[in-house]
Amino acid sequence: MRLKSRKYLSICLVLFLLWQTSCDNKNRLPDNVTFTEHIAPVLYANCTQCHRPGGGAHFNLITYADAKNYGASLAFVTRERMMPPWPADPHYTEFAGEKVMSEHDIRLIEKWVADGMAEGDAAKLPKMPDYPIGSLVGKPDMRIKVEPYYLSANSYDKFLLVKVPYELPSDTYVSLVEFMPGNGNAVHHVNGDLVKYEFDKKKNVMEGERIVDMVNDSTIKQAYEKLKLANDDGTYPVLQKSVVNYLPGTYGQIYPEGIGGYTLPRKGVFLLNDLHYGFTKDKAIWDSSYINLFFSKTAPDRPVQEFQLGTIGISPVEPDLVIQPNTEKKVLSKFTIANDISVLTVNPHMHLLGKSFKAYALQPNGDTIRLISIPKWDFNWQYFYTFKKMVKIPKGSTIVAEGVYDNTKKNLNNPFSPPRLVRDNNGSMKATDEMFQFIITYLPYKQGDENISLEVKR
Ligand code: HEC
């Protein structure tokens, strides 16, 4: 008996060693890590989407010289998982287009830097992926210019209301309206609606001013008058909300045919509600942003719907979002849904005091559906996270969002030193006021939704 078990043990040991070496082979790093053979493919798969001209980041990571220039920082930001930016915990839930590097690739960069950053054989350099020009999604069918805007040096926090009128040959289905910043370093965010004029209610959509500075100039009513948004008879047309949105690092989402999208009337206006420019530093700039339209063959028969928990949403923040100086505070917001829904995207939103965020749904049968966990909140990367496949949440489930805020001086993003009392302020988007929101885009559930893939090839 004893002998037998020993034999058994030694077989196990041999198997274990075999298994380990095979794993090691897969994970083993090459002796000579070179840029052309090993590093370029990693950068092209994980970094150049943003670190290229027009990609949003202010420096390129394309050539050997680019990479060598940033050498040690590349190793640092990837090891710390600061880059590529992906604050969501990939072990909690998976999303389409996840930007998460493998441990192997992180170690490759470390070794390359430690070994002196060899260039390698030029013939081994792969081709950089083809990126669409002037779009983060693909080749648009039409482009509409936003009125260029001049920002003087050292100007910051401009909130503009901008009218972007268009005319098309006929009413047109579009799958996506994409906002592209002219100057990605200046444009901070955009939330834009579609002004839907009924047939012949407005002869000339082009009339009126194009830009109103909301901080200095106007009330909303005065602004609408300046932009001449009303119908010819003085009544106001319907606004379709949130048709064109932009945040750095987010991408317009094209869903499978028939899902999402809009019908654009022949004549209309995109109304950019709060084209927000951040800080311009010591250089004056002109911003020439534009809007890309992607046409679709099919009518949008399942328009995407949206609700939000928390600040100015359908459920209160509990307890109130009042964060005393030198404290941490945990809040939550919860809402029970009356019908089955299919979730497409989730978007957690907090400002600079955010520390962590988590959301899930509790089903009537007691089971939990995980939605998202962000262990280390990052104000700069607030994606609309798209699930790989739609997630069904059955009626009667309670969606719970939990947030933790850090209003101590340990929080390096704290806008006040020493810390001050910070609270929500009627949905104020100023970074120095706080917010707690969880935005869900969804469709009323249809059988089979959970099998529809939302992953798009780009
Ligand atoms: C989704 C877009 C995106 C991706 C993908 C991305 N970056 Fe970045 N990266 C940025 C932005 C934006 C900044 C902020 C600085 C700026 O404005 O350029 C930045 C900053 C950096 C910095 C400077 C950090 C500092 O201290 O200022 C480094 C280094 C960097 N990225 C490396 C990488 C590497 C390496 C990869 C791939 C493994 C990568 N990035 C992927 C957008 C991205």
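The values are calculated or read from the model by the stated rules, or taken from the named source; none is laboratory data. Owing to the predicted nature of the structure, the values given are computational and were not obtained by experimental measurement. Don't worry about glycine lacking a Cβ; one is built from the backbone with ideal geometry, like all the others, and counts go over all protein chains shown.
Annotation note: of G313, G258, the sole residue that is modelled with pLDDT under 90 and not aliphatic (A, V, I, L, M) is G258. Within the span defined as the stretch 131-149, every residue fails to be at pLDDT below 95, in contact with a His (Cβ under 6 Å, 6 or more places away or on another chain) and either part of a loop (DSSP other than H, G, I, E, B) or of a type outside the set (K, R) (or both).
So that you can scan it fast, the table gives a plain yes or no per residue for (1) β-branched (V, I, T); (2) touching a Leu at 6+ places or on another chain (Cβ under 8 Å):
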position	(1), (2)
W377	no, no
Q382	no, yes
V391	yes, yes
K395	no, no
T408	yes, no
Q437	no, yes
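Let's see how each residue does on (1) of a type in the set (G, A, S); (2) more than 18 Å from Y262 (Cβ to Cβ); (3) surrounded by fewer than 20 Cβ atoms within 10 Å (Cβ to Cβ); (4) outside the structural domain of S288 (by TED's automatic domain parsing):
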site	(1), (2), (3), (4)
V137	no, no, yes, yes
N154	no, yes, yes, no
L160	no, yes, no, no
P165	no, no, no, no
S175	yes, no, no, no
L227	no, yes, no, no
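The residues in the stretch 73-115 that are over 25 Å from Q382 (Cβ atoms), within 9 Å of the ligand (Cβ to nearest atom) and either among the small types (G, A, S) or in the same structural domain as T345 (by TED's automatic domain parsing) (or both) can be counted, and the count is 1. I need every pair where a residue in the stretch 178-197 that is among the aromatic types (F, W, Y) has its Cβ under 7 Å from the Cβ of a residue that is within 12 Å of the ligand (Cβ to nearest atom), sequence separation at least 6 or different chains. Cβ pairs passing all conditions: none.
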